[in-house]
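Here is the structure we will look at, set down as structure tokens.
The values are calculated or read from the model by the stated rules, or taken from the named source; none is laboratory data. Nothing here was measured: the structure is a model prediction, and the numbers come from that model. Neighbour counts run over all protein chains shown; Cβ positions are idealised from the backbone, glycine included. Ligands, DNA and RNA are excluded from the accessible area calculation, which covers all protein heavy atoms including side chains. Shrake-Rupley method; radii C 1.70, N 1.55, O 1.52, S 1.80 Å.
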Amino acid sequence: MSKIFTFLIGLVLGVAAGGALIFYLYVGAPRAAKVPGAPILPPDAATAAAPTTATVVLKQEFFNEILKTIFRDLNPPAFPLNLSAQNSAGDSGMTSFALQQPNNGCDSKITLKPEGSGTQTSVRFENAQILAPLVFAGSYNIPLVGCTNFTGWAEANLKLNYDPAQQAVFGQVDVQTVNLDGITPLASGIVTPLVQNTINSRVNPIQILRGEQIALKLPIAVTGGTLNANVKDVRAEVKDNGLNLYVIYDLTGTR
């Protein structure tokens, strides 16, 4: 009997590992979707002291009030779960692998929740990083198992990019870990990378500041012209009490 039991345990763990292996072979390691522009650098002494630098301070509470409003007044963000991802060669092709069975009434999607699993969906500034725990619930139709409901939360980092072409600041959510609540090893081996890949590919990019919000174009009637303040660069500094964005302007006038 003990040999049979050991065999069954090994079989279950093998299938779970196999599910995760299939994911990585056909889809690749979960990664955040590409975001326009380049990573924002921290400020230097010249940036902070420059007369054409404006500072925009975004408090941690500001981000969390936005999240509260979304969950209170809008539909909770929801994304279909699938194993489609861009291949390693770039954006020119897609690699997909259908691991799930026909729907059979199973939603196969993930929905972000305001709280659950002992945590809250929020934004916090810590150790010069922007951290974002994301609470979720979902279901997925797993072969040999059927429709599996799951809950949990993901720990993500928020990285910032500045795109000079759009003069806009974008955020990139990058999920580091996925924590599932009490599901079998078989289901966990499939659901964990699936959740990570779906959030990374579906949430991004997040537009934090649009060009028209930070660029200026001010008509000066008495001069018969317009003062233009185009954004030359953006730097960022994460502190415990907020996110400081240093917007560096190039000032010109047109008649």
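Look at Val135 and say whether it is aliphatic (A, V, I, L, M) and free of Cβ contacts under 8 Å to residues at least 24 places away in the same chain.
yes
When you go through Asn161, Asn157 one by one, which is the residue that is buried (at least 17 other Cβ atoms within 10 Å of the Cβ), of a type outside the set (Gly, Ala, Ser) and not in a loop (DSSP other than H, G, I, E, B)?
Just one listed residue meets the conditions, Asn161.
Quick check, is Gln196 on the phi < 0 side of the Ramachandran plot and assigned to a helix (DSSP H, G or I)?
yes
Is it true that Gly171 is crowded, with 16+ Cβ neighbours inside 10 Å and closer than 22 Å to Pro42 by Cα?
Judged against the criteria, Gly171 is a match.
Specify which of the listed residues (Gly171, Gly225, Gly242, Gly189) is under 25 Å from Pro76 (Cα atoms) and small (Gly, Ala, Ser).
Matching residue, one of Gly171, Gly225, Gly242, Gly189: Gly171.
Take Ala50 and decide whether it is modelled with pLDDT under 90 and surrounded by 11 or more Cβ atoms within 10 Å (Cβ to Cβ).
yes
Which is modelled with pLDDT of 90 or more, closer than 26 Å to Leu209 by Cβ and open to solvent by 70 Å² or more (accessible area, probe 1.4 Å), of Ile66, Ile70, Ile130?
None of the others qualify; the one that does is Ile66.
Among what's in region 143-170 and is of a type in the set (Val, Ile, Thr) and free of Cβ contacts under 8 Å to residues at least 60 places away in the same chain, pick the residue that is farthest from Leu186 (Cα to Cα).
Thr151
Look at Thr198 and say whether it is closer than 20 Å to Pro80 by Cβ and among the hydroxyl-bearing types (Ser, Thr, Tyr). Outline the logic, then answer.
On the way: closer than 20 Å to Pro80 by Cβ: yes; among the hydroxyl-bearing types (Ser, Thr, Tyr): yes.
Taking the combined requirement at face value, the residue satisfies it.
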